[in-house]
Amino acid sequence: MEQKREKMAVALVTGASSGIGFHYAQELSRRGHNVLMVSNQEKELSEKAIIISQNTGAIHLDADTLENCAGKEKWVSTFYADLSKQEAAHRLFDFCNGKGLEVEILVNNAGIFIFNDITDCSMQRIDLILKLHVYTVTMLCRLFGEKMAERGHGYILNMSSLASHTPFPGISLYSATKSYLRNMSMALRLELKEKGVNVLTVSPGAVATDLYSLPRNLQRLGVRIKVIYRPEKLAQKALDKLFKGRREFVPGFVNRFFKPLYALMPDNVRLWIRKKTASFKK
């Protein structure tokens, strides 16, 4: 008779090779969780896993050896995947099942920022952001969320944005897909709440990462005047909210204060801001 393999609880973080995703992975490792880091940047992913191992004392494991590490001390490992591909969610889900990994914490962080009018975006770019922000996240929530519901416990953290609260020219695709993420996550939370699974939506404003192509000196200035959040602080506070069962986290008092006003912003003000931020176009 085949012996039943022991399952290993793991925190899965997408977009973990840089920015907020890296800090989510590192903070989860600091808190004693096994961490599987996922990204389409293979070299950077491996380098960041080594850094986390050095900083938190976790064993750095190769993906091929994961099934042999049940019962060992905490570890960090990586899985290279392009999450904008149609099959990405199922491929990641099958990998975890094949390695005996029980995803207890799912952090859907992978994303891109596009500053372009829809008519100026290539078809490939549009397909990329829709797959990455909408399709793959939904499928990961569906696949891993079902397993969590069956077990009666689990956590899902989905990264939305403050931009989800208002349509804005130049970032129409970004704000629309983040709005979908926010609404889907809020509803999913209600669907899974009675099954022991908490879903947290994180809706940050500007964060001091390279996602928005903001120069480092402006990032530092924004942090000093408290209009830009540090990614390590965001990761710590967001995880605190997740484990406390909160619904949504909007980092920063300024962002929380002005959030209700964004929807009331006149069109001429939106267009003026668009012109001032045109330098962020890629």
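The values are calculated or read from the model by the stated rules, or taken from the named source; none is laboratory data. This is a predicted model, so every value here is computed, not measured. Don't worry about glycine lacking a Cβ; one is built from the backbone with ideal geometry, like all the others, and counts go over all protein chains shown. Calculation scope for accessible area: heavy atoms of the full protein, side chains included, ligands and nucleic acids excluded. Shrake-Rupley method; radii C 1.70, N 1.55, O 1.52, S 1.80 Å.
Okay, here's what the table says:
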{"quantity": "Inter-residue pairs, beta-carbon under 7 Å, first in contact (Cβ under 8 Å) with a residue 12 or more places away in the chain and of a type in the set (Ser, Thr, Tyr) and in the stretch 123-143, second part of a helix (DSSP H, G or I) and open to solvent by less than 40 Å² (accessible area, probe 1.4 Å), 6+ apart", "calculated": "136/88; 136/89; 138/184"}
{"quantity": "Selection count where residues are within 20 Å of residue 235 (Cα to Cα) and open to solvent by less than 20 Å² (accessible area, probe 1.4 Å), scope the stretch 164-197", "calculated": "5"}
{"quantity": "Of residues in the stretch 34-57 being β-branched (Val, Ile, Thr) and part of a helix (DSSP H, G or I), the one least open to solvent (accessible area, probe 1.4 Å)", "calculated": "52"}
{"quantity": "Total residues in the stretch 144-163, condition open to solvent by less than 20 Å² (accessible area, probe 1.4 Å), in contact with an Asp or Glu (Cβ under 9 Å, 6 or more places away or on another chain) and assigned to a helix (DSSP H, G or I)", "calculated": "2"}
{"quantity": "Test: residue in the stretch 61-70 that is surrounded by 17 or more Cβ atoms within 10 Å (Cβ to Cβ) and among the hydroxyl-bearing types (Ser, Thr, Tyr)", "calculated": "no"}
{"quantity": "Residue, most open to solvent (accessible area, probe 1.4 Å), within the stretch 116-143, restricted to residues that are modelled with pLDDT of 95 or more and hydroxyl-bearing (Ser, Thr, Tyr)", "calculated": "135"}
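Conditions (1) loosely packed, with under 14 Cβ neighbours inside 10 Å; (2) of a type outside the set (Val, Ile, Thr); (3) at pLDDT 95 or above; (4) not in a loop (DSSP other than H, G, I, E, B), marked per residue:
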position: 6; (1), (2), (3), (4): yes, yes, no, no
position: 16; (1), (2), (3), (4): no, yes, yes, no
position: 102; (1), (2), (3), (4): no, yes, yes, yes
position: 110; (1), (2), (3), (4): no, yes, yes, no
